[in-house]
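**Student:** Provided herewith is a single structure, encoded as structure tokens, for subsequent inquiry.
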Amino acid sequence: MKTKKEILEHYQNGQRFYRNVDFDNGESYADSNFQDAMFENCYFGVDFSNSNFRNARFSDCNLKSTDFHNCDLTKTEIVNCLVEAINFGNSDTSDLIFDNNTSYGNEVKINKDSNEIEAFAHPLVTELYKRVPEFDKMSDHCSDDLLYVVYGGLSLRLSEQITELDKPNKLIIDSFSFFNYLGDKNDKEIDNLLVVGIYEGLYWSKKCNDLSRTLLKGRNKEVYEHWMINGNIQAEY
């Protein structure tokens, strides 16, 4: 099957299984009926708007840039697929089964309120965004499942702003308040996250160091200073 006519005739002849089929032949599949169809290892990237996929299943498919705007996705399954730039538009996705799909190498989920594709966020990333909303606004959220990457991004932002500003802003104050909250959990894995993800990006600057040691409290300040000394960090003085 290489043409749109052949693909549609396959369905009209009572066949429901498509394997290794490339649907991207330069034509639109808008207003099509693929109810109960099964697609395995197929390539799409086409316009399926206003189509019926009730009880259909996509597995191990490339769905990059596929348009499912205004489709019937009742009990449709999308599993183990590539979903970069997929568009669900205003389709009702409440019954859509969406599991183990990836976008740009990250496992993603669908927000069924907005129909947007989102990366799975680590719980400590979710909590970070909640307690430091200014950073939530700055983040592109592409790596929310990568804990150390997100915290490293915050460390970079803090280093830049502490260095540039005359006094701490809301991002800085909220961030260090959050670090104190995390550090009080007295958890070695969280301590390591703070040291590697945040503090190592601040040790290099005297201004960052001075402010960090002012805003960190109790054991959190002790952890910061311990690793600054024992990690042989050389700050500018």
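**Student:** Could you look through the range 147-193, keep only residues that are closer than 17 Å to Glu127 by Cα and of a type in the set (Asp, Glu), and pick out the one that is modelled with the highest pLDDT?
**Tutor:** Asp174
**Student:** Might you check whether a residue that is touching a strand residue (DSSP E or B) at 6+ places or on another chain (Cβ under 6 Å), within 27 Å of Arg57 (Cβ to Cβ) and small (Gly, Ala, Ser) occurs anywhere in the range 118-136? Before the answer, list the steps.
**Tutor:** Step one: filter the range 118-136 for residues touching a strand residue (DSSP E or B) at 6+ places or on another chain (Cβ under 6 Å), giving 118-120.
Filter again for within 27 Å of Arg57 (Cβ to Cβ), leaving 118-120.
Among the residues that remain, those that are also small (Gly, Ala, Ser) are: 119.
Yes, the range 118-136 contains at least one residue that is touching a strand residue (DSSP E or B) at 6+ places or on another chain (Cβ under 6 Å), within 27 Å of Arg57 (Cβ to Cβ) and small (Gly, Ala, Ser).
**Student:** Just to be sure before I move on: is Asp140 part of a loop (DSSP other than H, G, I, E, B) and either of a type in the set (A, V, I, L, M, F, W, C) or open to solvent by 60 Å² or more (accessible area, probe 1.4 Å) (or both) in the structure I sent?
**Tutor:** Details: part of a loop (DSSP other than H, G, I, E, B): yes; either of a type in the set (A, V, I, L, M, F, W, C) or open to solvent by 60 Å² or more (accessible area, probe 1.4 Å) (or both): yes.
Considered against the rule, which asks whether it is part of a loop (DSSP other than H, G, I, E, B) and either of a type in the set (A, V, I, L, M, F, W, C) or open to solvent by 60 Å² or more (accessible area, probe 1.4 Å) (or both), Asp140 comes out as yes.
**Student:** Looking only at the range 178-189, filter to residues that are open to solvent by less than 70 Å² (accessible area, probe 1.4 Å) and touching a residue at least 12 places away in the same chain (Cβ under 8 Å); which one of those is farthest from Asn230 (Cα to Cα)?
**Tutor:** Filtering the range 178-189 for residues open to solvent by less than 70 Å² (accessible area, probe 1.4 Å) gives 178-180, 182-183, 187.
The next check asks that each one be touching a residue at least 12 places away in the same chain (Cβ under 8 Å); those that pass are 178-180, 182-183.
Details: Phe178: 24, Phe179: 20, Asn180: 21, Leu182: 21, Gly183: 18 Å.
By that ranking, first place goes to Phe178.
**Student:** Okay, next question. Would you check which residues across the range 95-137 are modelled with pLDDT of 90 or more, open to solvent by 40 Å² or more (accessible area, probe 1.4 Å) and hydroxyl-bearing (Ser, Thr, Tyr) and list them?
**Tutor:** Thr102, Ser114, Thr126
**Student:** Kindly indicate whether any position in the range 112-123 is out of contact with any Leu (no Cβ under 6 Å at 6 or more places or on another chain), in a helix (DSSP H, G or I), under 25 Å from Ser177 (Cα atoms) and not acidic (Asp, Glu).
**Tutor:** Of all residues in the range 112-123, those out of contact with any Leu (no Cβ under 6 Å at 6 or more places or on another chain) come to 112-121, 123.
Within this subset, residues satisfying the condition of being in a helix (DSSP H, G or I) are 123.
Narrowing the set further to residues that are under 25 Å from Ser177 (Cα atoms) leaves 123.
Pick out the ones that are also not acidic (Asp, Glu) and you get 123.
For the range 112-123, residues out of contact with any Leu (no Cβ under 6 Å at 6 or more places or on another chain), in a helix (DSSP H, G or I), under 25 Å from Ser177 (Cα atoms) and not acidic (Asp, Glu): present.
**Student:** State yes or no: is Glu84 in contact with a Phe, Trp or Tyr (Cβ under 7 Å, 6 or more places away or on another chain) and in a loop (DSSP other than H, G, I, E, B)? Step through it out loud before you land on a result.
**Tutor:** Numbers: in contact with a Phe, Trp or Tyr (Cβ under 7 Å, 6 or more places away or on another chain): yes; in a loop (DSSP other than H, G, I, E, B): yes.
In short, yes.
**Student:** From the set of residues in the range 199-237 that are in a loop (DSSP other than H, G, I, E, B) and at pLDDT 90 or above, which is surrounded by the most Cβ atoms within 10 Å (Cβ to Cβ)?
**Tutor:** Leu202
**Student:** Any chance you could count how many residues in the range 25-61 are open to solvent by less than 30 Å² (accessible area, probe 1.4 Å), farther than 19 Å from Gln15 by Cα and not in a loop (DSSP other than H, G, I, E, B)?
**Tutor:** Of the residues in the range 25-61, 0 are open to solvent by less than 30 Å² (accessible area, probe 1.4 Å), farther than 19 Å from Gln15 by Cα and not in a loop (DSSP other than H, G, I, E, B).
The values are calculated or read from the model by the stated rules, or taken from the named source; none is laboratory data. None of these values were measured; they are calculated from a predicted model. Cβ coordinates were reconstructed from backbone atoms using ideal geometry, including for glycine residues, and neighbour counts include every protein chain displayed. Keep in mind that these areas ignore ligands, DNA and RNA; they rest on the heavy atoms of the full protein, side chains included. Shrake-Rupley method; radii C 1.70, N 1.55, O 1.52, S 1.80 Å.
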